[in-house]
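Worksheet: one structure, shown below.
The values are calculated or read from the model by the stated rules, or taken from the named source; none is laboratory data. Worth saying up front: this structure is predicted, and the values here are computed from it rather than measured. No Cβ is skipped: glycine too gets one built from the backbone with ideal geometry, and neighbour counts run over all protein chains shown. Side chains included, ligands, DNA and RNA excluded: accessible areas come from the protein's heavy atoms. Shrake-Rupley method; radii C 1.70, N 1.55, O 1.52, S 1.80 Å.
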Amino acid sequence: MQNELLYYPNLEIKIRDAENNSQKQVQDINELASSGIDLLIVSPNESEPLTKVVSEVFRKGIPVIVIDRKIESEDYTAFIGANNYKLGREAGRYAVKLLKGRGNIVEIWGLKGSSPARDRHDGFIEEISKYPDIHIIKSSSGEWDFSGGRKVMEDILKSGETFDLVFAHNDFMALGAYQAYVSEKKKKDVFILGVDGLPGKDGGGQAVMDRKLDATLLYPTGGRFAISLAWDILNHKPYKKENELNTLVIDSTNVQALKSQTDEILDLHHRIVSSRQILDEQVRKFYSQQFWLIIAISSLAVVILLVSLLFRAFRNKSFANRKLESQKQEISLKNDELIRISNELEEATKAKLMFFTNISHEFRTPLTLIIGPLENLLASTNLSIDQRNQLEMMLRNAHRLLRLINQLMDLRKIDDEKMKLHAGYFDIISFTRDIKSAFDEMAGQKSIAFSLQTDVKEQFLFFDKDKMDKILFNLLSNAFKFTPHSGKIDILIRPLSHNFAGITTDALEIEIRDSGSGIPSIHLERIFERFYQVEQQEGNVYQGTGIGLPLSKGFIDLHKGDLNVSSEPGVGTSFFIYLQLGKEHLKEVDIIAFDNEYDRVDKSIVTVEDEESARKEVEVSSPEEIYHDRPLLLIIEDNADVAAFIRSCLADEYRVMTASNGNEGFEKMYLDEPDLIICDVMMPVMDGLEFTHKLKSDIRTCHIPVILLTARSSHEQKIEGLESGADSYIAKPFNSKHLQVRVKRLIESRQKIRKHYQQDVLSQFVNESKISQLDANFLKKCSQIIEKHMMDAEYGVEQLGAEIGLSRVHVYRKVKHLTGLSVSEFIRNMKLKKAASLLSESGKTVAEISYETGFSSPSYFSKCFKDLYNLSPSEYQQNNIPR
C-alpha cells in the first residue's frame, strides 16, 4: 500500500497493526473513526468479532473497504480478496492430482473459528470427497504460525499414523510441518501443500524452489488495488463492490517463471520510484529557477522576504523528515522493547511458579514436624477439653495447609508434563459412592438433601483412583461451600455418547449439581484458569485459592476426558465429568495391572463437623457470662476456628457472641448491642469493610468501636480499613496479648467518655476526637431538644426518640453507651444543670426555678439537686451569689 501511495500524493494513510488480536483491532478502528478519517481499509483478524465495529463505522457515513476476509454483514463499501472457498477447491484438485485418487491426508487448519480457515476447509473437502479412496486422517489447528504447524506434525508422527499428503492453510504452518517431518524422518517422502505464495527468501515461492513444499497456492492480498479503489471512492468515480482476486497453484513447473516475473516487477517498481524521484528533482529545479527569476526582477524587500520563506519551508521539511525518521526508529525500538518485555514476563512467570513450587516443597518438612507431634499429643489422655480443642484445631488447619501445598505441587507437575497417569480397571459407581459417603455427615449438619442417582449398578472403566478422588473431592467441596443450609446437591451418573476432540464415542457422564448461588456467565469461560477467583457483587471475592478447578481440569485431561460447567445465578451450578469407556484412548504406560495404594483426602477437611462444633462452642455461654456487668463483645469471623481462638483469648474478661458474616452480625447486634466489635475483613455475603462503613454511617450504631482483623496487612489496605470508620486494624497472624490490650484500651476510652458526661453533661468542651462526628452531633441534638422542652415535667424517652427519629430502644442504648446514663437520668441532669445556672444568675426563688426546669414539686427538685451537687438549692445559691 505504501508503495502504491507514490502514485497518489494527495492521499495520506494511517496504519494500525492489531498483532492478531481482535479486541485490539476493534479498539484501533474506534480510535481511527474518532480521529476524523475519510475512508477505512480493514483486514479483519476474525469475521464475527469485527462485524459490529465495521458496521458502526459504515453507518456513520465513512466508506469502508474490506480486504482479505469478509465480515458477517453487508455493511461495507467494497470488498477485495481471494475466494477462500475456491482456493480450497483448487488445493483439493491439486491434492487429488498428486495422490492419483488414493491416499491419506493430514489437514492443518488456521484458527478453526475464522472464516478463511472454514472456507478453505469446505472447498478442500468438496473436491476430495469425490474420491472415496482419499481420507483425511487428522484435522488439527496450527493457529496460522510456524510452531503450530510443527506441533501438529510432531503429534501425528508420535501417533504412528501413516499419511501421504499434508495440506496446511498457510505456508508458515506448512514449513513448520516440513521441519518436524524432516527432523524425524530425515527426508521428505510425503507431499506438502501450503497457501500464500509470498515472494522473498522466507516465502512460499522460495520454499517450492527449495523443494520443501511441493506446491503453494497464491493468495493475493489486494493492497495495491485497495489504494486505487479508495481513490475512486473518495473522488466519486464508478467502482465495483465485490472485487475477487484470482489464485493459482505455484509448483515446480512454474515457480521459476513466477520468480523471474516477480523479480522483474520489483525491478520495474524500483525504476519507477527512481524515475519519480528524478522527475520530482527536475520539478524542484524548475520552480527554483522560476523563483530566482522572480527574485531578480523583484525589489530587494521582496527578495529578502522570499528568501526567508524559502528558508522556513526548507527548515520545516527537514524537521518533518527528521521527525518521521525518529518515529520510525522509535517504533522499531518499541517493537524490540515489547518483545523483550514479553520474554521477561514469561521468564518471570516461570520463575515465580518455580519459586512457589520449591518453597511449597520446603514447607512439607516443617509441616511433617508439626503434624506428627500434634498427633502424638492428641493420643494422650491427660489433656483438658480446652487443650484438646486447640490441638485438634491446629492439626486440622495443618492438614489443610498440607493439602494446598500438595495441590500446588501437582499443578506444577501438570505444567511440566511430569504428572503420570496410573489408570486401573475399576468400578466408578462404587468408587463414587465411597466418596459420597465421606460427605454425608456434612450434608446432615447443613440439612442439605444429598443423593447419588444412577440406573447403572456398576460400570468398570480405566481411571486413576488417586486423581479421581481429588477431582470429586474438589467438585463436591465447592458444591457444599456455595450451597446454603436446606439446599440440594445431587450426583448423577449416566452412560451416553460424547464428542472428544472431534471423535464421538461411548462415555460415562458424572454430573455434580447444586442449588447454590451460581456463577455469573462472564466468569464461566475463565473458571478453569489457575488462580482465577469469581467476584461477588461489590467486588468481593469468593474465598478460595483458584487451584482446585484448574487442577481437576488437568487431571481430567490426563484421562483424555472432558470437564464442563453450566450455571445460572440464583439457581445453581452443574459440573460435568466425561470419561471414555475402553482403553484405546490411553497409552500403555498410563495403565496399571494392579490396584495400587493411594492417599485418600483426610476426612477432617471434607466435613464441617469440626467447624460446626467450634461454632457451637463459641456460642455456648461460659459460667462467667452470667455476670452482665462485663462488657459484651461481638466477634464477626467466617472461620469458626479463628472465632473460637479469639473467644478463648477474651472470654475470661468479657461476654462474647459471634457471627459468621456482616449480615448476621447486624442481626445479632440489634438484639443485644455489644460494647465492641472484632470483625474480619474477607467474608462472604458482607465483608468487614462494608460492615464497618454501614455501622459507622448509622446514627444508631456509629458509637460502637470496631477492630478490623485481617490477613491483608499492606499500608494501603490498613488505610482503606481505617477510612471505612474502623477504630483499629490488626493484621493476621496476631499476638493474643496485643489483641487483649487493644480491646481493653478501646473499652476504657469509651468508659472515660461516659464518666465525663456523667460529671458534666452540658459541657461544650468535649474532646470530640474521642468520639465520632455523628455521636457528637447526636448528643448536641439531644441537648437542644431537651432544653426546648425544659419546662415539660412529662417529657421522656418516648418523646425524645420521636423527635430524633429513632426508636425508644435505640435512643436508650445510644445515650447509655455514650454517657453511662439512662435517658431519664440524662434529661434530669440536663435540667439540674440548667437549674444550677439559674440559681447563680437569675435571682429567682428555688420554687420558681424548680417549675421553670420541669420538676413537679420544689421538694422533689431539692432532693434531685442535692443528689447531684451534694448541696441543697438554697445552699448552692448562697455559695454562688456574685459578690
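Here segment 29-178 is treated as an ellipsoid with the same Cα gyration tensor; its semi-axes, largest first and in whole Å, are 36, 17, 10. Taking only the Cα atoms of segment 124-192, the radius of gyration and Dmax are 11.9, 34 Å.
If only the Cβ of Lys and Arg carry +1 and only the Cβ of Asp and Glu carry -1, the dipole of the chain around its Cα centre is close to 2400 debye. What a 1.4 Å probe finds exposed on segment 366-424 is 58% carbon and sulfur by accessible area, rounded to a whole percent.
Solvent-accessible area per residue in the chain equals 55 Å², computed with a 1.4 angstrom probe and all protein chains kept.
For the chain, a Kirkwood radius taken over Cα pairs fed into Stokes-Einstein (25 °C, viscosity 0.890 mPa s) yields D = 68 µm²/s. Ordered from longest to shortest, the equivalent ellipsoid semi-axes for segment 247-341 are 45, 26, 6 Å, each the square root of 5 times a Cα gyration tensor eigenvalue. When only alpha carbons of segment 56-138 are considered, Rg and Dmax amount to 16.6, 54 Å. Close amide H pairs (under 5 Å, H built 1.01 Å from N) link Ile635 with Met657, Thr658, Ala659, Ile678, residues at least 5 positions away or on another chain. In terms of Cα atoms, the Rg and Dmax of segment 368-457 work out to 18.8, 51 Å.
Ordered by solvent-accessible area of protein heavy atoms (1.4 Å probe), largest first, the residues Trp292, Trp109 come out as Trp292, Trp109. What angle, in degrees between 0 and 90 and rounded to the nearest 10, separates the Cα long axis of helix 428-445 from the longest principal axis of the Cα atoms of the chain? For 428-445 against the chain, the angle is about 30 degrees.
First compute the accessible area of segment 236-319 with a 1.4 Å probe, then give the percent of it belonging to carbon and sulfur atoms.
64
Straightening the chain between Asn343 and His523 buys 62.0 nm, computed as 0.36 nm per residue apart minus the Cα-Cα spacing. With a simple spin-label model that places each label point 7 Å from the Cα along the Cα-to-Cβ direction, the separation between Gln445 and Leu300 comes to 10.7 nm. Cα centroid separation, segment 223-274 to segment 476-490: 65 Å.
With respect to the chain, whose longest principal axis is taken over its alpha-carbon atoms, helix 84-99 is tilted by about 60°. Simple spin-label estimate for Lys737 and Val685 gives 3.6 nm between the two label positions (7 Å along the Cα-to-Cβ direction from each Cα). The angle between the Cα long axis of helix 662-671 and the longest principal axis of the Cα atoms of the chain comes to about 10 degrees, rounded to the nearest 10.
Within the chain, antiparallel bridges make up roughly 40 percent of the DSSP beta bridges whose residues both belong there.
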